[in-house]
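Novice: The structure follows.
The values are calculated or read from the model by the stated rules, or taken from the named source; none is laboratory data. In this text the structure is predicted, and so the values were computed from the model without any measurement. In this analysis, Cβ positions are derived from the backbone assuming ideal geometry, glycine residues included, and neighbour counts consider all displayed protein chains. We work out accessible area using only protein heavy atoms, side chains counted, and drop any ligands, DNA or RNA first. Shrake-Rupley method; radii C 1.70, N 1.55, O 1.52, S 1.80 Å.
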Amino acid sequence: MSQTMVTITEKTLLEKGSPKTKRLEEIKTLNLSKLGLKSPDLPVQLLSRLQSLERWDLSGNRLQEFPKNLELPKLRFLDLSDNQMEDVTSMASLCCLEEVKMEDNLYITVSDNYKLMTLLPKLRSYNGKDITSTANHVRFVFTENLRSRIIALWGRSYSLPDSATAEKMADLAEDFINTARKEVKYGPSSVSGFTKWKVEIMAREYLRSLTEPKEEMSNQTNEVLIPTKRKQMTNDDLRLTPRKKSRCDPSAPSSAEDSPGKLRLSPRKSQAAVVPVRPATRAQHSLTPTLASAKKEVAGKRMKPSRTAAVGAAKEETSDDVMKSINKTQPVRLQPLHVLQCHSKQDNSDDFATQLWACAFQPQLGVSGGHLVATCGGDSLCVIDCETGMVMKKYKVTGEEFFSLSWSTVLMSRGGGASAQPCSILAAGGKRGLVKLIHPRCNVAYGEFRASRKALSVLRFNHRQGNFLFTGCYDNKIVLWDIGGIDSKYNFKVVQLLVLESSCTPLHICLPPSKPDAHLLAACEDGLHWYNTKLAPNSATKRSKEAEITFPVYEKEEKDLDYHTVDGLSFLTDDIVASKNFMHDCIYLWSWSRTQSQRPNKSGCVRAAVMAELRWARTEIPYLALNTCPGQSYIVCGDDRGRLWTYHVTNLREDNFQMGKPIDPTEVLQWPAVVCKGLGQVEGPSINSVAMDPGLQYLVALSDKNMVIVWKRAL
């Protein structure tokens with residue numbers, strides 16, 4: 001496929017269209033094949049002038065979806081073969097289409113085919129085959145069966161409230177639609193994704209018909225009610241088991257609807273009530289021995305939640321120049337949006353003991369991504385849509401306990417001479433020492449390999465070379481693997497490249513943003529270690545650390561106070577690092593370049609070039625990891641009371657900081673009022689991990705009480 005990029009202009013359309021004319025309105029056939037086009041390259045306003053267009057060839061491009069709301073009243077034939085289509089609902093505006101070609105689109109499923117048959121009422125030929133009979137069955141028989149089941153569900157379990165306030169109706173609608181998606185079933189399992197998608201639309205229509213009986217509903221099938229990325233929010237007919245069974249996850253991902261639902265946020269001044277919670281009883285914690293042994297000893301020392309909504313706000317008005325670097329320049333306002341209990345063991349809604357350990361946002365590929373976050377804990381890994389709060393994918397491995405995950409982008413070859421295309425994958429690992437490789441968009445757990453005989457504590461991909469994966473293990477080793485790419489049958493090959501010897505368990509791995517191939521920082525139980533990871537011919541494949549990086553707090557150590565465990569580490573810029581030492585009530589900001597430029601002393605240590613200290617919580621709970629959002633200059637770290645300490649760092653000049661005087665946080669976000677039926681309000685748990693998308697539209701926090709909290713940026 002040609003990668004020549006062409007800008008779609010009026011001149012381009014006139015050159016590629018026929019008959020030859022000077023007016024777009026007279027073009028009847030248009031060939032835009034093999035131009036390397038992506039979805040944003042198709043301008044809707046310009047293309048809308050093709051009011052006489054009857055045949056359109058868009059084959060051999062890189063389209064992920066069709067331009068939304070593009071109305072072409074005379075278009076009868078559309079060729080989208082050999083693209084990267086993953087969403088067909090955007091084609092709903094092409095109501096006169098009669099023939100469609102979609103071959104060689106890896107992510108198009110049987111469910112998507114059924115969606116097209118309902119969205120395009122005149123469609124009679126698909127991939128060169130007559131589908132009239134099948135389409136009529138889907139449009140009429142299938143739909144009528146779903147409608148009768150939806151009405152029966154309403155009659156059995158629901159009724160309109162006496163006083164239909166907007167809040168009551170919103171809660172009723174969400175409950176009814178979610179129940180319908182779960183319980184209303186018809187047809188083979190291969191079209192379950194289509195069924196759930198169609199049931200949601202029809203359930204909304206039916207509920208509206210009860211509240212607005214005079215409104216004509218029959219013509220509303222193609223409204224914006226159709227979710228634009230619904231395919232990603234369901235476990236449809238995509239392969240749930242890997243093709244290479246001997247190397248892949250033996251357990252198929254469970255349905256998103258099978259996991260426990262959301263908990264309810266009790267309204268506060270700045271919060272809105274969300275979905276209802278299922279009945280639950282408080283369970284005793286059963287902490288993971290490897291990651292939480294220290295928590296058992298200090299669990300009884302937690303303090304009660306504070307009512308202070310933000311600390312440091314009053315400090316902003318001081319004249320101290322130190323404060324000018326933080327708490328200014330319009331800090332982000334975040335509000336709690338969802339609380340999910342989606343990692344419950346055996347999908348038990350009473351499970352408040354499973355601890356959640358790692359979360360990360362999907363890196364963006366083209367126009368997709370941004371709002372999808374992966375979380376892991378217990379025996380499952382979930383992919384969540386932050387906006388809707390829906391668990392789109394869930395992968396369970398019996399007997400596993402996941403401690404870490406990492407996203408990456410690798411190349412997927414398609415065969416037949418077609419060029420390889422990038423795709424997002426997930427790697428996850430835990431106590432079994434196995435790395436699971438997952439392709440979430442196709443719902444495939446396509447492989448696994450053994451990284452260690454002991455548990456895996458941390459995984460990290462090289463952001464510049466996506467097939468390079470570092471694994472940190474409880475055997476005190478960090479190993480670099482080349483996992484390669486994948487082909488259309490999910491064949492892959494793993495090669496071990498490097499082994500880094502550590503004296504203790506690595507908890508976090510960070511790669512310098514500007515030189516991820518040359519150095520690695522490992523936050524370990526016994527300190528922060530720096531390694532040389534540059535690969536070269538004839539270089540050693542087993543290496544020890546270059547140096548240990550030490551911190552000023554070490555000078556305060558006593559017999560019962562050991563600050564060497566570094567349980568938080570992340571780069572804020574190409575040079576500035578944020579790190580946290582267990583038992584220390586401050587977060588360090590320090591310069592990597594200045595630290596690296598020092599010569600190690602006789603003990604093999606270099607002192608971190610600390611620029612500032614950020615005041616944090618006083619706690620004896622370990623493994624409360626911090627994270628950064630470099631594009632927004634933010635650092636966030638949770639504490640043992642469910643709070644999120646946020647720091648907006650807008651000026652990193654060293655002369656703006658005053659050593660020995662910790663800087664207050666920009667804001668401390670309080671644990672939201674989470675309410676469980678029968679239990680009342682849930683007290684703030686320990687926040688084990690946090691993640692932010694690059695634009696800081698969403699923040700996700702994981703707790704040690706089986707709760708995922710999604711915060712959203714307030715407008």
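Novice: Probe 1.4 Å, all protein chains in place: accessible area of THR7 in Å², nearest 10?
Specialist: About 100 Å², ignoring ligands and nucleic acids.
Novice: Which entries of LYS396/LYS431; LYS580/LYS661; LYS168/LYS712; LYS185/LYS345 show an alpha-carbon separation above 18 angstrom in the structure shown? Don't skip to the end; give the middle numbers.
Specialist: Numbers: LYS396/LYS431 14 Å; LYS580/LYS661 16 Å; LYS168/LYS712 23 Å; LYS185/LYS345 25 Å.
Correct reply: LYS168/LYS712; LYS185/LYS345.
Novice: Need one number for segment 349-477: average projected area of the convex hull over its C-alpha atoms, nm².
Specialist: On the way: hull surface 36.7 nm².
For segment 349-477, averaging the hull's shadow over all directions gives 9.2 nm².
Novice: Enter the Cα centre distance for the pair segment 550-587 and segment 427-465, rounded to the nearest angstrom.
Specialist: 28
Novice: Tell me, how many Å apart are the Cα centres for segment 144-203 and for segment 12-81?
Specialist: 38
Novice: What is the sum of charges around MET85, taking Lys and Arg as +1, Asp and Glu as -1, for the other residues whose C-beta is under 9 Å from the C-beta of MET85? Could the numbers behind the result be given before it?
Specialist: Values: positive: none; negative: GLU65, GLU86, ASP87, ASP112.
Around MET85, the charge tally is -4.
Novice: Which whole-number percent is the relative contact order of segment 333-450 (Cα, under 8 Å, 6+ apart)?
Specialist: Details: 243 pairs, mean separation 19.9, N = 118.
That works out to 17 percent.
Novice: Heavy-atom accessible area per residue, segment 495-607, 1.4 Å probe: how many Å²?
Specialist: On the way: 4940 Å² over 113 residues.
It amounts to 44 Å² per residue over segment 495-607.
Novice: Okay, next question. Checking the table LYS11/LYS74; LYS74/LYS198; LYS11/LYS68 against a 25 Å threshold on Cα-Cα, which pairs fail? Numbers along the way, then the final one.
Specialist: Details: LYS11/LYS74 22 Å; LYS74/LYS198 27 Å; LYS11/LYS68 23 Å.
Pairs exceeding 25 Å: LYS74/LYS198.
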